[in-house]
Amino acid sequence: MTVQIQAAGNAVTGPAELQARKPTRIRLAPAMTGAGMISVIANENLADLRHNLQVFMITGSVGSVHKSRVSARRLRVFLKGIRAWMQPETYKPLATNLKLAMAILHPLRQHDVVTHWLAAAGAETHDARHDRLTMVRDAQAQLSNAAMIGFVDEFAKLMQAEHWRRRDTEVLDQPCLCIVPGIVEQTVQKLNRAGSLEQVFETTGDYHAFRKDLKRLRYWLEFTRSLFAKRDIAPWRKTAKLLQTRLGTINDLDEARMTGHDRLVGADAWGARRSEAVDLAVSLSDTLNLLPRFWR
């Protein structure tokens, strides 16, 4: 496949088919069966992933890198949520290929983040664009060799035919609200399995597991938002989004220090900015824990 690579940028100008897209809003109905709900969530997320990968293969844009990784991550979270009802031999190759897609794009995403820091500070290395074009070509070749878009198409066929489903899964023939509360409850419980976020920062300082669990919760709230009253789910979605953003800020600051770019936020400002971000993240986490469990 011959591709035309455009210059790096925050967005691709042109027709919609050449622009990476945000996750499609999923519309579910309480009358849907569990299996029907699973099919809709899978199809929408697979369509997003396929589109974003195609945009990356054509343009190599910054947005297509980030949004392809988000699409793949959302599908991995989705698979983990329904794993109990899947045939083991089906789950593993699907999860493995999604992880591979994310891994292929990870170095390029890190490069884009660092380049953004440099540009924001008015300091850009002379070979940054050349390096990125090389990385784009390499990632495109890896995705092509892995037949990743073909994998997405096969994934979609599998979900439509329900070949993923175990035999002892009659609960999936019941209304979807019979299974959604359990999935959401499980993600909330995992969020605090290592204690509160404040305890995490005071002990190990390893907030990455919490951050991953928060993404799982947020994605499942987004998958199922149409099944619940807005007044009930909106506080959860808003607080989770703010908390994820704040943890992302902490992660960016830590990445800046590890890559030697902490000078870009100022030698004296780094510690103060991180402490402020940690305090706000802990406060948002406490708020999240106090919200009523509307799904019960």
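The values are calculated or read from the model by the stated rules, or taken from the named source; none is laboratory data. Quick caveat, the model's predicted, so the values are computed rather than measured. So basically every Cβ, Gly included, is an ideal-geometry build from the backbone, and we count neighbours across all protein chains shown. Just the protein is used for accessible areas: all its heavy atoms, side chains included, with ligands, DNA and RNA removed. Shrake-Rupley method; radii C 1.70, N 1.55, O 1.52, S 1.80 Å.
Observations on the model:
- Summed over the stretch 45-60, residues that are farther than 16 Å from Leu94 by Cα and out of contact with any helix residue (DSSP H, G or I) (no Cβ under 7 Å at 6 or more places or on another chain) total 1.
- Residue within the stretch 60-70 that is more than 17 Å from Val113 (Cβ to Cβ) and part of a helix (DSSP H, G or I) present: no
- Listed by first and then second residue, the pairs linking a residue in the stretch 50-79 that is without any contact (Cβ under 8 Å) to a residue 40 or more places away in the chain and under 21 Å from Lys157 (Cβ atoms) to a residue that is among the basic types (Lys, Arg) and outside any helix (DSSP H, G or I), with Cβ atoms under 9 Å apart and 6 or more places separating them unless they lie on different chains, are His51/Arg21; Asn52/Arg21.
- Qualifying residue in the stretch 87-97 (condition: within 15 Å of Arg50 (Cα to Cα) and modelled with pLDDT of 95 or more): yes
- The requirement of being under 30 Å from Ile41 (Cα atoms) and exposed (fewer than 14 other Cβ atoms within 10 Å of the Cβ) is fulfilled nowhere in the stretch 253-269; no residue meets it.
- Single residue of the stretch 70-93 satisfying the filter (basic (Lys, Arg) and touching a helix residue (DSSP H, G or I) at 6+ places or on another chain (Cβ under 6 Å)) that is surrounded by the fewest Cβ atoms within 10 Å (Cβ to Cβ): Arg83
- Subset of the stretch 137-168 that is assigned to a helix (DSSP H, G or I) and aromatic (Phe, Trp, Tyr) - its residue that is surrounded by the fewest Cβ atoms within 10 Å (Cβ to Cβ): Phe151
- The set of residues from the stretch 1-29 being more than 30 Å from Thr169 (Cβ to Cβ), at pLDDT 55 or above and assigned to a loop (DSSP other than H, G, I, E, B) comprises Gly14, Pro15, Gln19, Ala20, Arg21, Lys22.
- Which listed residue, of Arg246, Arg231, Arg216, Arg211, is buried (at least 17 other Cβ atoms within 10 Å of the Cβ), among the basic types (Lys, Arg) and farther than 15 Å from Leu284 by Cα: Arg216
- Single residue of Leu108, Leu94 found to be free of Cβ contacts under 8 Å to residues at least 60 places away in the same chain and under 20 Å from the mean Cα position of the chain (by Cα): Leu108
- Residue within the stretch 275-290 that is surrounded by fewer than 17 Cβ atoms within 10 Å (Cβ to Cβ), modelled with pLDDT under 95, in a loop (DSSP other than H, G, I, E, B) and out of contact with any Lys or Arg (no Cβ under 8 Å at 6 or more places or on another chain) present: no
- In the stretch 30-49, residue farthest from Asp153 (Cα to Cα) [restricted to those that are open to solvent by 10 Å² or more (accessible area, probe 1.4 Å) and part of a helix (DSSP H, G or I)]: Gly36
- Of the residues making up the stretch 172-207, those that are within 21 Å of Ser275 (Cα to Cα), open to solvent by 80 Å² or more (accessible area, probe 1.4 Å) and either of a type in the set (Lys, Arg) or assigned to a helix (DSSP H, G or I) (or both) are Glu198, Gln199, Glu202.
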